[in-house]
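Below: one structure, written as structure tokens.
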Amino acid sequence: MEGGFETGFLLGHMNYWLFVILMMTGFYIVVARGNLLKKIVGLNIFQAAVFMLYISVGKISGATAPIITGNPDEVYSNPLPHVLILTAIVVGIATTALGLALIVRINESYGTIEEDEIQQHDLEQYDKDCARAEEAR
Amino acid sequence: MEIAFTILLFIALVATAIAIVFIKRLFAVVMLSGVFSLLAALLFIVMDAVDVAFTEAAVGGGISSVLMLGTIALTARTQKQPERYSLVPLAIVLLTGAVLIYGTLDMPNFGSPDAPAQRHIGPEYIARTPTDIDVPNIVTAVLASYRGYDTLGEVVVVFTAGLGVILLLSGLGRRRGTPYPRGVSANRDQDNAQ
Amino acid sequence: MNDHHLILRVITRMLTGPILLFGLYVQFHGDYGPGGGFQAGVIFAVGFILYGIVFSLRDLRRLIPDWIIHKLVALGVLLYAGTGIVSMLLGANFLDYNPLAGTPIGGQHLGILLVEAGVGITVFAVMLAIYYAFAGRPPSLNDEDW
């Protein structure tokens with residue numbers, strides 16, 4: 001009895017844990033990699049894992065896709081998460097495009113898309129500005 | 001059968017994601033992110049979300065790859081080798097993951113028909129769509145009619161993001177005679193002139 | 001320029017038409033099967049983007065100039081919001097389609113059609129505008145460097 005409950009619990013929650021693994025892989029790319037394009041790819045992976053989590057909440061076992069078949073006994077999965085995520089995907093690509101556009105502009109003014117080089121450049125610029133202010137005084 | 005297929009998809013998804021972590025060539029990274037999207041679309045089909053799968057395949061596999069390739073063409077094609085590997089990001093990620101997994105322990109079982117999310121408003125939409133709106137695809141009915149206001153907001157977000165990209169990249173916001181920023185050759189007006 | 005990628009060029013010529021047709025099918029069949037304005041807009045834009053990648057951006061710009069795209073971006077949102085305003089003028093709530101036609105169900109069908117068209121137009125135009133913006137910049141890599 002106890003064992004049966006454990007198996008059911010494991011099988012019923014395993015998908016959530018797998019989503020968390022995917023989410024954390026995306027998160028790791030965002031935190032640990034300095035390349036801005038790769039950060040965007042990491043964010044997309046994170047985002048896709050969140051989408052999967054939402055969709056899995058709406059799933060009912062034995063149900064079918066929420067398109068009316070005419071059979072009155074048919075069980076449908078919950079359509080609400082589908083609607084939310086469908087629009088979220090398109091909004092996601094629009095914001096991704098905005099991020100990519102920012103990357104292109106950053107590359108034009110810094111000549112690099114690596115985070116540490118951009119910071120280095122900013123620090124040097126700051127030192128130069130300070131020295132110039134010192135001279136002016 | 002369904003569980004075996006789901007697990008197989010998951011293994012492929014995680015393998016793709018981990019490959020993206022380690023690969024340095026950005027071209028390969030972009031291609032793998034397209035593969036990731038298509039696998040995600042398959043997973044959405046397994047979870048009955050056909051509309052979402054359709055969108056993910058068209059957007060993630062199509063447009064997103066094109067835009068990322070465009071970005072690579074305008075910037076760099078390899079990622080710089082990190083100077084030293086730090087354990088701090090890994091620790092943060094593991095900690096966050098542990099907290100999230102702790103949070104899932106109270107969630108209802110996957111596919112359970114009496115989960116709180118299935119009780120409230122979803123069944124109402126399913127029951128009312130044939131009499132109120134009479135279109136077979138419930139997702140379209142909810143998207144365009146019951147929650148039309150939300151969708152209007154989403155369209156405005158897409159509109160605004162499009163405006164942002166046009167202003168950032170098409171040079172419409174640049175006054176005539178302003179010099180180009182560093183790294184841009186002057187011959188780009190050949191395409192932009194009209 | 002015209003002498004290489006022969007296979008790509010021939011296949012693109014064959015595929016562009018069916019892709020656009022499929023986009024229209026997805027747009028107008030969204031009530032009955034999977035699909036709708038969001039997906040149709042993306043697919044329709046992909047048809048043009050494929051043409052632009054394989055042939056040239058200049059040809060594509062001649063086909064659909066920037067100013068048309070910029071107008072379409074706004075037109076979709078206006079069509080969507082305008083449908084809501086019309087239903088308000090007819091005495092119902094904002095985006096309540098019941099009074100748009102003779103019967104409530106007919107009104108809902110018409111409202112969904114208009115709203116989905118608005119979504120499709122905006123998504124299509126935004127995707128194409130974003131592609132124009134990225135592809136219109138001078139690349140920093142040569143073709144051989146890939």
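The values are calculated or read from the model by the stated rules, or taken from the named source; none is laboratory data. None of the values given here were measured: they were computed from a predicted structure. No Cβ is skipped: glycine too gets one built from the backbone with ideal geometry, and neighbour counts run over all protein chains shown.
Each row is one residue, and each column tells you yes or no for (1) crowded, with 16+ Cβ neighbours inside 10 Å; (2) among the hydrophobic types (A, V, I, L, M, F, W, C).
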{"residue": "B:Q81", "(1), (2)": "no, no"}
{"residue": "B:L87", "(1), (2)": "no, yes"}
{"residue": "B:V93", "(1), (2)": "yes, yes"}
{"residue": "B:D114", "(1), (2)": "no, no"}
{"residue": "B:D132", "(1), (2)": "yes, no"}
{"residue": "B:P136", "(1), (2)": "yes, no"}
{"residue": "B:A141", "(1), (2)": "yes, yes"}
{"residue": "B:Y149", "(1), (2)": "no, no"}
Taking region A:73-100 on its own, how many of its residues are more than 7 Å from chain B (Cβ to nearest Cβ) and part of a helix (DSSP H, G or I)? 5
Quick one: would you say B:L167 is over 22 Å from the mean Cα position of the chain (by Cα), surrounded by fewer than 21 Cβ atoms within 10 Å (Cβ to Cβ), at the interface with chain A (Cβ under 8 Å from one of its Cβ atoms) and modelled with pLDDT of 85 or more? no
So B:V35 fits all but one of (1) within 14 Å of chain C (Cβ to nearest Cβ); (2) within 16 Å of the chain's Cα centre (by Cα); (3) surrounded by fewer than 24 Cβ atoms within 10 Å (Cβ to Cβ); what number is the exception? (1)
Only one of (1) under 14 Å from the mean Cα position of the chain (by Cα); (2) away from chain C (no Cβ under 11 Å) does not apply to B:G61, and that is (2)
So how many residues does region A:101-117 have that are at the interface with chain B (Cβ under 7 Å from one of its Cβ atoms), under 19 Å from B:Q81 (Cβ atoms) and either assigned to a strand (DSSP E or B) or in contact (Cβ under 8 Å) with a residue 12 or more places away in the chain (or both)? 2
From the list B:A41, B:A12, exactly one residue is among the hydrophobic types (A, V, I, L, M, F, W, C) and closer than 22 Å to C:G33 by Cα. Which is it? B:A41
Which numbered condition B:L8 fails, given (1) surrounded by fewer than 16 Cβ atoms within 10 Å (Cβ to Cβ); (2) within 15 Å of the chain's Cα centre (by Cα): (2)
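Just to be sure I understand, how many residues within region A:14-65 are small (G, A, S) and either part of a helix (DSSP H, G or I) or closer than 19 Å to B:G103 by Cα (or both)? I'd like the intermediate steps shown before the answer.
The first filter runs over region A:14-65 and keeps only residues small (G, A, S), leaving A:26, A:32, A:34, A:42, A:48-49, A:56, A:58, A:61-63, A:65.
Keeping just the survivors that are either part of a helix (DSSP H, G or I) or closer than 19 Å to B:G103 by Cα (or both) gives A:26, A:32, A:42, A:48-49, A:56, A:58.
Result for region A:14-65: 7.
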